[in-house]
């Protein structure tokens, strides 16, 4: 038997035997005196992991963008050391793509949980 939204908001649920509203914490129905199984709430383990992966992915995307901005010479500032073209050709796009992958994986985990 599914409880109505008003009952859920008040911390109530329906008795599986008589159907009358009882508190969620109750182990025995006050009306029919039948023993009620306690409500077990499932932990959402994937939600926290998903948020962590999304945050890490956003950090990688930001890191890749900032490094590419300065290493490719878009800033107009001269860097004290020469950056190899391999960094701007392969390194920073790879970091950026890994960040996007982590964001997608984190979103999948978040929606799964």
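Can you tell me the length gained on complete extension of the stretch residue 66 to residue 34, counting 0.36 nm per residue apart and subtracting the Cα distance? Provide the component values of the computation, followed by the final result.
Working: separation 32, 0.36 × 32 = 11.52 nm, distance 6.45 nm.
My answer for the length gained is 5.1 nm.
Please list the radius of gyration and Dmax for the chain, considering alpha-carbon atoms only, with Å as the unit.
So, for the chain, Rg and Dmax equal 26.8, 81 Å respectively.
With axes computed from alpha carbons, what is the tilt in degrees of helix 45-71 against the longest principal axis of the chain, rounded to the nearest 10 within 0 to 90?
So the helix axis and the longest Cα principal axis differ by about 10 degrees.
Using only Cα atoms, find the angle between the long axis of helix 92-112 and the longest principal axis of the chain, and express it within 0 to 90 degrees, rounded to the nearest 10.
Between the helix axis and the principal axis of the chain, the angle is about 0 degrees.
Quote to one decimal, in nm, the extra length available between residue 45 and residue 86 on full extension: 0.36 nm per residue of separation minus the C-alpha distance between them.
Between residue 45 and residue 86, full extension yields 10.8 nm more.
From the helices alone, meaning DSSP H stretches of at least four residues, give me the mean residue ellipticity at 222 nm for the chain, per-run term -39500 (n - 2.57), in deg cm²/dmol to the nearest 500. Walk me through the numbers on the way to the answer.
Values: 3 runs with 53 residues, N = 113.
It comes out at -16000 deg cm²/dmol, rounded to the nearest 500.
Taking 7 Å along the Cα-to-C-beta vector as the label spot, tell me the residue 75-residue 18 distance in nanometres, rounded to one decimal.
Each label point is offset 7 Å from its Cα along the Cβ direction, giving 7.3 nm.
Values in this text are rule-based calculations from the coordinates and carry no lab data. Computed from a predicted structure; not experimentally measured. In this analysis, Cβ positions are derived from the backbone assuming ideal geometry, glycine residues included, and neighbour counts consider all displayed protein chains.
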